Amino acid sequence: MTIGGLSAESLAKRFGTPMLAIDLDVFDAALDDFLRAGERHGVRVSYAAKALLVTALARHLQPLPVGIDVVSLGELATCERAGIEASRLTLHGAGKLDDEIAAAFEGRVGRLVVDSVDELERVVALSAGRSLDVLLRINTGIEAHTHEFIRTAGDDSKFGLAPRDEARAFALLASQPSLRLVGVHGHVGSQVYEIEPFAANTQALAAALTRCREAGFHGADTIVTGGGFGVRMHPSAGDETLDVDRTFAAIRAAAPHAKLEVEPGRAVVAEAGTSIYRVMAIKRFAQRTFVVVDGGMADNPRPALYGAYHHIRAVGTSSAADIAVTICGRSCENDELGDALLPADIRAGDLLAVETTGAYTYSMASNYNRFPRPPVVAVTKREAQLWTRRETIEDVLRADV
Ligand code: LLP
């Protein structure tokens, strides 16, 4: 098994395990897919930093024609350290702190996406006459879950303005002309494999944009349809793909005249990532065989949190027949990473690869059990670059008083 031309064994030997390897060529190809489709259909692309952001990744994005969505001062500071211009950044978040709103007024981001009327009141209060481009996050009531989507009144989602709050939001914005309403925003969900929810969401946002213009906000010309582009997690899940170009064509058709934007996270970085673990123990019970590895829910909480599937393979080769096993982490609880077919002669010391872990693993990793977080290593053309080093015990202790 190779990643960016280097063997998983050599990466594990050099950087230790657990580790997250990012195949930079896979990352670049995925981003390019979005950027090219964006050019064809006039859709601007911003990368959703929450999927994965470390300074080196932000530096990699710096010269590319892509915006970045940030949701915290941490993500913002990471972009700043990488020299990304404020105008390329959009600040989101369902409960922004005053410090975050202040950062927007200080010109540290290009735009702020306002999520509620309460937030807008604070934005107005903090503005002190300073100008700011804002978008309104709309609760379109379009919710997508992998292969289905539903139109609801939005009652099941905390995100965005409830319809009953729209008039109040317009009134607040009208009272503060230094706030420029530039458009609307909505996000349908994550791991969506069908085009229709994106089109339906865009249509609902186009209607919201019309309401903005009717309310007198003639500068409102932008629709951001969020992220959510599905990524195939199992090698044989043939239906679990989403054609980016066709999706862009559909959202363009749903809003022919608006400035359109998307903000993919997972679909840009997930497939590029592979987590490498070392097997610590095999336990053969009558009904089940457990394979315990040297990481787990602290570095990838997705299986435990969402029942998410990641394909797991043995790194080494073996002629033994496959057996069904359950791969577990080493946390003090049932932290299964998933079931897999592994060679029957798998043993302690072997390496395992957990695939498609570029998105929402490192970014969601914790120090649970006071485990240090693993390193992130980018690989391209047989060269590895350390993006984030492995944490030390000193790092784990650093905030303790
Ligand atoms: N835009 C907004 C406003 C979002 O809330 C999200 C993700 C994105 C863009 C990017 O969505 P993506 O293209 O990555 O699907 N931790 C979960 C995923 C949470 C997604 C949250 N919002 C997971 O591990 O599956």
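The values are calculated or read from the model by the stated rules, or taken from the named source; none is laboratory data. Values in this document were obtained by computation on a predicted structure and should not be read as measured data. Virtual Cβ from ideal backbone geometry, glycine too; neighbours counted across all protein chains shown. Remember, those area values only see protein heavy atoms, side chains included, never the ligands or the DNA or RNA. Shrake-Rupley method; radii C 1.70, N 1.55, O 1.52, S 1.80 Å.
Before moving on, here are some points about what is shown:
- Every test in (1) over 25 Å from residue 267 (Cβ atoms); (2) surrounded by fewer than 22 Cβ atoms within 10 Å (Cβ to Cβ); (3) within 15 Å of the ligand (Cβ to nearest atom) is passed by residue 114 save one, and that test is (2).
- When segment 180-192 is filtered for residues that are over 17 Å from residue 141 (Cβ atoms) and at pLDDT 95 or above, the ones remaining, listed by number, are 180, 181, 182, 183.
- Search result, residues across segment 1-55 that are in a helix (DSSP H, G or I) and among the acidic types (Asp, Glu): 9, 25, 28, 32, 33, 39
- Residue within segment 187-201 that is over 24 Å from residue 31 (Cα atoms) and open to solvent by 50 Å² or more (accessible area, probe 1.4 Å) present: no
- Checked against the criterion of being of a type in the set (A, V, I, L, M, F, W, C) and within 26 Å of the chain's Cα centre (by Cα), the candidates 321, 286, 314, 340 yield just one match: 340.
- Scanning segment 316-341 for residues that are open to solvent by less than 10 Å² (accessible area, probe 1.4 Å) and β-branched (Val, Ile, Thr) turns up 325, 326, 327.
- If only residues of segment 230-249 that are within 14 Å of the ligand (Cβ to nearest atom) and part of a loop (DSSP other than H, G, I, E, B) are counted, the one that is surrounded by the most Cβ atoms within 10 Å (Cβ to Cβ) is 230.
- Count of segment 347-391 residues which are surrounded by fewer than 22 Cβ atoms within 10 Å (Cβ to Cβ), of a type in the set (S, T, N, Q) and either without any contact (Cβ under 8 Å) to a residue 24 or more places away in the chain or within 16 Å of the ligand (Cβ to nearest atom) (or both): 2
- The listed residues are 299, 294, and the only one of them that is buried (at least 23 other Cβ atoms within 10 Å of the Cβ), among the acidic types (Asp, Glu) and at negative phi turns out to be 299.
- Qualifying residue in segment 125-136 (condition: open to solvent by 40 Å² or more (accessible area, probe 1.4 Å), more than 25 Å from residue 207 (Cα to Cα) and not in a loop (DSSP other than H, G, I, E, B)): yes
- Output for segment 35-50, where each listed residue is among the hydrophobic types (A, V, I, L, M, F, W, C) and either touching a His at 6+ places or on another chain (Cβ under 6 Å) or under 14 Å from residue 79 (Cα atoms) (or both): 48, 49
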